[in-house]
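Below you'll find the structure, written out as structure tokens, and then a few comments.
The values are calculated or read from the model by the stated rules, or taken from the named source; none is laboratory data. These numbers were taken from a predicted model, which means no experiment stands behind them. Glycine also receives a Cβ, built like all others from the backbone with ideal geometry; neighbour counts cover every protein chain displayed. Ligands, DNA and RNA are excluded from the accessible area calculation, which covers all protein heavy atoms including side chains. Shrake-Rupley method; radii C 1.70, N 1.55, O 1.52, S 1.80 Å.
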Amino acid sequence: MRTFIDNVTCMYDHGQGSAPGSNLSVFNAQVISSGQTFPNSNGQYIETKNSGDCFDVTSTFDLKVTNANTNEEIGVVHFEELGGWSYKAPSTINVDLSGDPTYIIVTVQ
């Protein structure tokens, strides 16, 4: 499968934010094969922006999943954070969201 990040609102990216640096873009056009975990079992740190123009704004992003061979969309997971993370996912995608600080890991079964 191939992943993409879209519809980002009030999230740090490209190594910005607190150490170790939030980097949602690492998932753009990333091909993940069956049995593989990306980026690794530790995951990728993600951080919301909560000040300036983002003060009191819900932080969001979408993780789009497609078939890497056909580009057919498998599904989109919509994540949002306002006092805690929540998500909406199609039944074809299993999401396990936990941890503070938050790390994201994509595993293909």
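Between the amide H of Gln30 and those of Thr3, distances stay under 5 Å, these residues lying 5 or more places away or on another chain, with hydrogens modeled in the peptide plane. Each peptide in 90-96, 101-107 receives the mean, over its residues, of other Cβ atoms within 10 Å, and ordering these scores from highest gives 101-107, 90-96. The label-point distance for Val31 and Thr107, in a model that sets each label 7 Å from Cα toward Cβ, rounds to 2.3 nm.
Amide H to amide H, with H built 1.01 Å from N, Lys49 comes under 5 Å of Met11, Tyr12, counting only residues 5 or more places away or on other chains.
Here the chain has 43 percent of its accessible surface on carbon and sulfur atoms, given a 1.4 Å probe and all protein chains in place. Of the residues Pro90, Phe4, Ser41, the one whose Cα sits farthest toward the positive end of the charge dipole of the chain, with +1 on the Cβ of Lys and Arg and -1 on the Cβ of Asp and Glu, is Ser41. Backbone amide hydrogens, once placed in the peptide plane, bring Ile74 within less than 5 Å of Val65, Thr66, Asn67, excluding anything fewer than 5 places away on its chain. The order of the peptides 76-87, 31-42 by mean Cβ neighbours within 10 Å, most packed first, is 76-87, 31-42. Look at the alpha carbon pairs under 8 Å that are at least 6 residues apart: their mean separation over the length of the chain gives a relative contact order of 32 percent. How big is the dipole moment of the chain about its Cα centre under a simple scheme where the beta carbon of each Lys and Arg is +1, that of each Asp and Glu is -1, and everything else is neutral? Debye, nearest 20, please. The dipole of the chain has a size of about 280 debye.
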